[in-house]
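S.K.: This is the structure, below, for whatever I ask next.
Every number here is computed from the coordinates shown, using simple stated rules; none is lab data. Since we're looking at a predicted model, the values are computed, not measured. Here Cβ is always computed from backbone atoms with ideal geometry, including for glycine, and neighbour counts include all displayed protein chains.
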């Protein structure tokens, strides 16, 4: 079985290595170029349609090795919509509400193809919920949860795409955690899809690690988030156990921390939640004196620690899972407070 997973990953990697240069050419021809600016950290114009290579490599690899059942067809159709919205945003730029509507529509496509939460069991507090699918309310709540879940994970991955290699590397770590966990609960298809996604992200890192030759753009980051969200719904949330929720959240815990701080920060300042700024965790590390590569490696490490927490959670070793999560939360909070403290000192000095 693990030999098959390795085969899927290597195939996805090879396709990505072959297709990414073509995506770079297309990006230059259509004007999908990311130019340096005050909020950007790169210093030269860089093509940003890497999502085309990621998507194509994923679809081709899955078609080679997997039976195209209803779930995979739904994943393909939904990810195609996500990709199209991302490509248009990478070329022309769209308002946040348009991207949100595209994400919601893609999530609804998954519902149409049978992606659904069947139950939730919280053993730590003895609470259980099982949707009564003959009930309109049961289907409504389950469907609403799936839509929120998909939209949240899509934007979670999207928010990490701020430094060379950051989003792709964190997705590799998350996919490996989910792959291992899917095997433990005998979700072979979910594990195989995570193996494919691991391979294509590794292949993309050949071009995307600092100094990046290409960015994945919104087309790539939203695609990766969508696939992880869809596979976790079909492979984990159909299993009525706590770690069906905990594993994907911890595997992507670092960007979730970042997104949470971003929402709080913008609401505190009275700014729109979707407003782009230079206050993300990777910006804080750069402001603290880290180079791009050093900042990315620090964030890889934090993500790996949360991945270990997810593995402890899957074994119901909750004390270690909580301890590692709190450790990362303390480090992240300290980094944000460090930046705030520096800003206060600068303002005091200017007076």
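S.K.: Going 7 Å from the Cα of residue 26 along its beta-carbon direction, which residues of the stretch 72-105 have the amide nitrogen within less than 17 Å of the resulting point?
M.R.: Under cut-off, by backbone N: 76-93.
S.K.: Right, another one. At a 10 angstrom cut-off on C-beta neighbours, averaged per residue, how do the peptides 142-154, 319-331 rank from highest to lowest?
M.R.: Those peptides, ordered most packed to least, come out 142-154, 319-331.
S.K.: Moving to a separate point now. Based on the mean of other beta carbon atoms within 10 Å per residue, what is the order of 13-23, 155-165, 82-92, most packed first?
M.R.: 155-165, 82-92, 13-23
S.K.: OK, next. Work out the FRET efficiency for residue 69 and residue 263 from their Cβ-Cβ distance, taking R0 = 35 Å, and round it to the nearest 0.05.
M.R.: 0.45
S.K.: Which FRET efficiency value, to the nearest 0.05, is calculated for residue 2 and residue 80 with the Förster distance at 35 angstrom and r the Cβ-Cβ distance?
M.R.: 0.70
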